[in-house]
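Inspection log for the structure reproduced underneath, given as structure tokens.
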Amino acid sequence: MMIEVIIVASIIIVSVLAAMSVTEKAIFVSRQSLHILQSSFLLEEGAEVMRLERDNSWNNISSLDVNTTYYPIFDNGSWELATISVPLGIFTRAINIADVERDATTQDITNSGVVDTGTKLVTITVSWPEGGSTLSKSLSFYLMDIF
């Protein structure tokens, strides 16, 4: 009789520990997917900030240094690009600008050509700590002087 009680108790303990392990993993995956979703929204917001800066004046974009990382902040009812990192909760959003070169004949974008002063490559990166490591998502797109 005592052996049966020990076997049943062992089975119950193993079952509860397995259920707790599955629950812990489910919570981690749920939190991670929430952070990925939030980072996607921050990427899109960063893209909209850059489009707004372009729409206000192309000089807002063309005057940015390609060797500097910028951090968008919302201050006094408008967006500004700061050079000091501004965390958004657990997230950090960074914006980098790069010159775009075009082939002189075809006007295609190339790696070696003439610098197009009316086009910039914008890369937005959102990073955050997750489970002992740092995860990040990036979005790259071209901005053109359309006005």
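The values are calculated or read from the model by the stated rules, or taken from the named source; none is laboratory data. What you are looking at is a predicted structure, and each value in this text was computed from that prediction instead of being measured. We place every Cβ from the backbone using ideal geometry, glycine too, and count neighbours over all the protein chains shown.
Each row is one residue, and each column tells you yes or no for (1) of a type in the set (Val, Ile, Thr); (2) in a loop (DSSP other than H, G, I, E, B).
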site: PHE74; (1), (2): no, no
site: LEU81; (1), (2): no, no
site: ALA94; (1), (2): no, no
site: ALA98; (1), (2): no, no
site: THR105; (1), (2): yes, yes
site: SER112; (1), (2): no, yes
site: THR125; (1), (2): yes, no
site: THR134; (1), (2): yes, no
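Please count how many residues of region 111-135 are without any contact (Cβ under 8 Å) to a residue 24 or more places away in the chain and within 23 Å of MET50 (Cβ to Cβ). Even if it seems obvious, please write down each step before you answer.
Of the residues in region 111-135, the ones without any contact (Cβ under 8 Å) to a residue 24 or more places away in the chain are 111-116, 132-134.
Add one more test, that the residue is within 23 Å of MET50 (Cβ to Cβ), and what stays is 111, 115-116.
Of the residues in region 111-135, 3 are without any contact (Cβ under 8 Å) to a residue 24 or more places away in the chain and within 23 Å of MET50 (Cβ to Cβ).
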Pair list, Cβ < 9 Å and 6+ apart or interchain, from region 1-27 residues that are closer than 21 Å to GLY131 by Cβ to residues that are basic (Lys, Arg) = none
request  = Mind listing whichever residues of region 38-67 are within 19 Å of LYS137 (Cα to Cα) and hydroxyl-bearing (Ser, Thr, Tyr)?
outcome  = SER39, SER40
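Out of LEU42, LEU37, I need the residue that is at pLDDT 95 or above and touching a Leu at 6+ places or on another chain (Cβ under 7 Å). Which one?
Details: LEU37 fails: touching a Leu at 6+ places or on another chain (Cβ under 7 Å).
Answer to the check: LEU42.
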message = Every residue in region 93-108 that is over 15 Å from ILE36 (Cβ atoms) and touching a residue at least 24 places away in the same chain (Cβ under 8 Å), please.
response = ALA94, ILE95, ASN96, ILE97, ALA98, ASP99, VAL100
ask   = When SER62 is evaluated against the numbered criteria (1) surrounded by 11 or more Cβ atoms within 10 Å (Cβ to Cβ); (2) without any contact (Cβ under 8 Å) to a residue 40 or more places away in the chain; (3) of a type in the set (Gly, Ala, Ser), which criterion, by number, is the only one it fails?
value = (2)
request  = Inspect region 93-115 for any residue being on the phi > 0 side of the Ramachandran plot, loosely packed, with under 12 Cβ neighbours inside 10 Å and small (Gly, Ala, Ser) and give the result as yes or no.
outcome  = no
inquiry  = Which of the numbered conditions does SER85 fail, given that it passes all the others? Conditions: (1) among the hydroxyl-bearing types (Ser, Thr, Tyr); (2) in a strand (DSSP E or B); (3) within 30 Å of PHE28 (Cα to Cα).
reply    = (2)
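Give THR134, THR68 a once-over and let me know the one that is of a type in the set (S, T, N, Q) and either surrounded by 11 or more Cβ atoms within 10 Å (Cβ to Cβ) or in contact with a Lys or Arg (Cβ under 7 Å, 6 or more places away or on another chain) (or both). Explain how you work it out, then say what you get.
Numbers: THR134 fails: either surrounded by 11 or more Cβ atoms within 10 Å (Cβ to Cβ) or in contact with a Lys or Arg (Cβ under 7 Å, 6 or more places away or on another chain) (or both).
Exactly one residue qualifies, and that residue is THR68.
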message = I'd like to know if region 32-43 contains one or more residues that are in contact with a Ser or Thr (Cβ under 9 Å, 6 or more places away or on another chain), surrounded by 11 or more Cβ atoms within 10 Å (Cβ to Cβ), assigned to a helix (DSSP H, G or I) and not aliphatic (A, V, I, L, M).
response = yes
inquiry  = Go through region 87-105 and report how many residues are among the basic types (Lys, Arg) and under 11 Å from the mean Cα position of the chain (by Cα).
reply    = 1
